[in-house]
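To start, the structure itself, in structure tokens.
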Amino acid sequence: MSATEMKQYGKRLFRQSAAMIGAIAIFTALTSPLAHAAEKETPPELAAVLTKIDRTLLEQNEQDIRVWLNARIAATGDFGVYSFGYTSVQVKGDTAKVDLNRGALADSAAQFIRAYEMLGERKYLDAALKTADFFLQVQQPAGHFPTGATIERGGKATASVGKSPLEVVRMEDGIQFRPFALLLHAHRLTGEKKYFDAAKKLADLVTQRIQHPEWGWCPTEFDTRIEGSAEKQQESSGVYGVRGGGSYSDACTTDGFRISVIMYHATGDRNYLKRSAQLGKWLFATQLGKGEVRGWADNYNSKNEPVPARNFEGLSIDPRNFNRYIATLLTWFYAMTGDEKYGKLFMESYTWLKAQEQPDGWAAEYSYEGLPVWSQDYKTYRYDLPQTWPEKLMHVEVRDGKPWYNRVKVQMDDSKIIHDLIQKDGLETLVQWHKSPVQLSDEQYLAARLAAAKRCTDEQLTVPLQNLIEPAKQTSIQANYLERVRLRLAAPDAKGLPPSDSIGRKEMTRQSWHGPHTW
């Protein structure tokens, strides 16, 4: 890949990708031998920073990534799918079985796409396209993707019953959205219409049947065999979650919304936005809290009343829902409509939730009065009433035998950006921020390269390690990498790992390249 080509990759990825992935892409471009050899393209300030980069460490990291990717291709490449996160490929002879819950197979393919875009090796794109072809094979007649599949060596795949029957659509955890995003990327990189058609088929199902026509929400699961109202879905039985009602949990509603908006941009057909446009009023209809308290439960019925789903998802306010789903939806509706009520609810919700932050984070849930609570076995308990606690505390961070606070899945960094923009100049600044160019000018790209290079050499910059894997569950590559990290952290001026009893240290794995969530 030429220096010019790498520069174009960096420009495009910086705007299209999450900040971390974009920084890696630019870092790859600005530190590669081809790019660096063209000294006339490297301004003095940037060249001075580049000389500080530890190239031995850079080369070792790249080698580690290649070894990791190649090992996965060698292990299950004959089947066209790759273990990752919550999904493992169970091989027995010439047959493999996969659990498609959480959409992790699409995450694996996303990693190979990133590898192709950063490293330029066609074999990584081919590995990703095998997974895209797998999803083409198991896509159901209604347009959705199943929760299980069987694959023969060579790539022939058949859908199978997993968590749900084949006719049932599960919207949670990216089971539908992540393959959708993968197929569109496969179409972008190859130009092959089959990938786009499959993505469109899913989008048609979501926007014409699954999204609620009046409120725009999506349920946890939807039975394609049932025609008619949401109440008919609600009367049927499912695995867990809600039928015939809306769910914020695990991105059910957000994924339906994203599918509709992306397909609108891909086709120009405004019909894809028809039901999503109703979602704005659902944000208000489902908002909970007394006085200044602002929050949302995980799941609701067709009357927009909170309902329990899993034994730890009760009727209380789940603080994760604001930063994961509500904040982005309110921002979109505020920017698109200009209606101040969306900006007002965003600011009130941000202010209240930020005020609840403790040194170790937030409570598992909050009551409508704003008191820390948690749900366990379909019951809700208050932090400050130990006489009511169950004998064993579950589904809550525990410290010294007491329910505690944590930051797992609750962070307000992204929301703070929006908060500060609105606070500064209101809607106009927010809209201008969203209208930033898709392609960078030469000056903007140089500034981004310089900023990325400075981050790579900033000795004061700290990056928290999250989701550390327990040693017994580490692969050899993970163990090798973490050992090097530990050695570097052992330096006198380095900060240590998170405390061994923190929930972030316990949970562990895989967040480096989390696939479609960065798309």
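Nothing in this text is a laboratory measurement; each read-out follows from the coordinates by a stated rule. Since we're looking at a predicted model, the values are computed, not measured. Note that we place each Cβ from the backbone using ideal geometry, even for glycine, and neighbour counts take in every protein chain shown.
Numbers at a glance
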| read-out | value |
| --- | --- |
| Length gained when the stretch Trp433-Thr337 is fully extended (0.36 nm per residue, less Cα-Cα span) | 33.0 nm |
| Gained length - Gln63 relative to Asp413, 0.36 nm times residue gap less alpha-carbon distance | 122.8 nm |
| FRET E, pair Thr150, Glu192, Förster distance 25 Å, beta-carbon r, rounded to 0.05 | 0.50 |
| Theoretical gain in end-to-end length, Glu348 to Ile53 [0.36 nm per residue, Cα-Cα removed] | 101.8 nm |
| Proxy reagent accessibility, fewest Cβ within 10 Å first, across Leu440, Leu100 | Leu440, Leu100 |
| Under Karplus coefficients 6.51, -1.76 and 1.60, residue-wise ³J(HN,Hα) of the stretch 411-424 in Hz, glycine/proline x | 9, 10, 4, 5, 5, 5, 4, 5, 4, 5, 5, 5, 5, 6 |
| Under 5 Å, built H, 5+ apart or other chain: amide partners of Val373 | Ala364, Glu365, Tyr366, Ser367, Tyr383 |
| Over the stretch 320-447, equivalent-ellipsoid semi-axes from the Cα gyration tensor in Å | 38, 17, 11 |
| Ranking of Trp374, Trp217, Trp282 by count of other Cβ atoms within 10 Å, fewest first | Trp282, Trp374, Trp217 |
| Span from the the stretch 376-423 Cα centroid across to the the stretch 292-344 one, whole angstrom | 17 Å |
| Förster-model FRET efficiency, 35 Å R0, Glu357 and Ala447, C-beta, rounded to 0.05 | 0.60 |
| Fewest-first sequence of Val91, Val168 by Cβ atoms within 10 Å of each Cβ | Val91, Val168 |
| For the stretch 254-260, 3J(HN,Hα) per residue [Karplus equation, 6.51 cos²θ - 1.76 cosθ + 1.60, θ = phi - 60°, Hz, x = Gly/Pro] | 4, 5, x, 4, 5, 4, 5 |
| Hz values of 3J(HN,Hα) by residue in the stretch 71-81 - Karplus curve (6.51, -1.76, 1.60), Gly and Pro given as x | 5, 6, 5, 5, 6, 9, x, 5, 9, x, 9 |
| For the stretch 118-187, with +1 on Lys and Arg beta carbons and -1 on Asp and Glu, the positive-most of Thr147, Gln176, Thr131 along the dipole | Thr131 |
| Relative packing of 55-62, 375-382, which averages over residues the other C-beta atoms within 10 Å, highest first | 375-382, 55-62 |
| Highest average packing first - 422-433, 316-327, 147-158, Cβ atoms within 10 Å | 316-327, 147-158, 422-433 |
| Spatial extent of the stretch 153-266: Rg and Dmax, with the Cα atoms as the point set, Å | 14.6, 46 |
